[in-house]
Each structure stands twice: as structure tokens, then as C-alpha cells.
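Asks: To start, I am sharing the structure in question, which I have written as C-alpha cells.
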Amino acid sequence: MSNSVKLAKVESLLKELLPEAMSELADEELRGLSVVDVRCSKGKYDAKVFLDKGILDEKEQREAIKRLKKASGLLKSHCLNATGWYRCPDFTFVFDDETEKSMRMEQLFKQVEKELDANRK
């Protein structure tokens, strides 16, 4: 099996396990966060976890990241217990801008389309 397939499997498994692990945390705000994607380094020592911003402003995002760092040990423990792995990647949590960017792009395309339709008439 190629390394890229193994890496994709690890990422997929973490994308499934992390929301499950987060749902067991005592912090209600952290339980409500959604994992959008997980990207592991080639050696699988580090995993970048992309979260959906939802309605959180920048200050709330920074606070959530701090609390997630503190809960990282519990999250890793959950993943290790669920998979039987010898080692779990270190997590780096970031809020995903891609969803927001793609929504803005869609709005721009709709606006351009309306303007083109108006000019054709």
C-alpha cells in the first residue's frame, strides 16, 4: 500500500474520531465545534485539524484554540484507544477560511450573472 493511501486513511479516521472525542469533552462550546478536515504530515507525527468557524468571532476562536490545546491529551487518548495505534499525531487546531471564501465566490458569481443578464436585456 502506498504511503499516500495510508496517509489518507489516517486523515479520514481522525476526521471521524475527533468529533466523537470532542463530543465527550466537558466544555460545551468545544463539543459544538465541527471538524471540516484533517491534514497529516508525511510522517504522521502532526495533524492539522481544520474547524468550522460557525458564528465565532476572532476572540472566541482564539479562546477555543487555547482550550483545545489543553484538551489535546484527552483527544489523543480517545484516538489511541479507538484505533490501537502506538502513537497519535500531535494536533494543531485552526479555523477554516475556505468555506467562507467559497461562499463569497458563489455570491460574486451570482452577482456577475445577474449583471450579465441585465446587460443582455
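The values are calculated or read from the model by the stated rules, or taken from the named source; none is laboratory data. None of these values were measured; they are calculated from a predicted model. So basically every Cβ, Gly included, is an ideal-geometry build from the backbone, and we count neighbours across all protein chains shown.
Asks: Which residue is nearest to Arg87 (Cα to Cα), if the candidates are limited to segment 22-39 and must be free of Cβ contacts under 8 Å to residues at least 12 places away in the same chain and outside any loop (DSSP other than H, G, I, E, B)?
Replies: Among those residues, the one meeting the criterion is Arg31.
Asks: Can you pull out every residue in segment 36-95 that is among the aromatic types (Phe, Trp, Tyr), closer than 16 Å to Glu11 by Cα and touching a strand residue (DSSP E or B) at 6+ places or on another chain (Cβ under 7 Å)?
Replies: Once the filter is applied, which keeps residues that are among the aromatic types (Phe, Trp, Tyr), closer than 16 Å to Glu11 by Cα and touching a strand residue (DSSP E or B) at 6+ places or on another chain (Cβ under 7 Å), segment 36-95 yields Tyr45, Phe50, Phe91, Phe93.
Asks: Only one of Lys42, Lys101 is farther than 25 Å from Lys6 by Cβ and either modelled with pLDDT under 90 or assigned to a helix (DSSP H, G or I) (or both). Can you tell me which?
Replies: Of the residues listed, the single one that is farther than 25 Å from Lys6 by Cβ and either modelled with pLDDT under 90 or assigned to a helix (DSSP H, G or I) (or both) is Lys101.
Asks: Separate question: Could we say that Gly54 is assigned to a loop (DSSP other than H, G, I, E, B), farther than 24 Å from Val5 by Cα and free of Cβ contacts under 8 Å to residues at least 24 places away in the same chain here?
Replies: Criteria met by Gly54.
Asks: Confirm whether Ala64 is in a helix (DSSP H, G or I) and either surrounded by 13 or more Cβ atoms within 10 Å (Cβ to Cβ) or over 15 Å from the mean Cα position of the chain (by Cα) (or both).
Replies: Yes, satisfied.
Asks: Regarding Ala47, is this residue assigned to a strand (DSSP E or B) and within 17 Å of Leu74 (Cα to Cα)?
Replies: yes
Asks: Being in contact with a helix residue (DSSP H, G or I) (Cβ under 7 Å, 6 or more places away or on another chain) and among the charged types (D, E, K, R) narrows it down to one residue among Asp97, Asp37, Asp57; which is it?
Replies: Asp37
Asks: OK, next. Could you tell me whether segment 85-97 includes any residue that is in a helix (DSSP H, G or I) and without any contact (Cβ under 8 Å) to a residue 12 or more places away in the chain?
Replies: no
Asks: A further question follows. If you check Glu60, Glu106, Glu113, which single one turns out to be within 21 Å of Arg31 (Cβ to Cβ) and acidic (Asp, Glu)?
Replies: None of the other options fit; the residue is Glu60.
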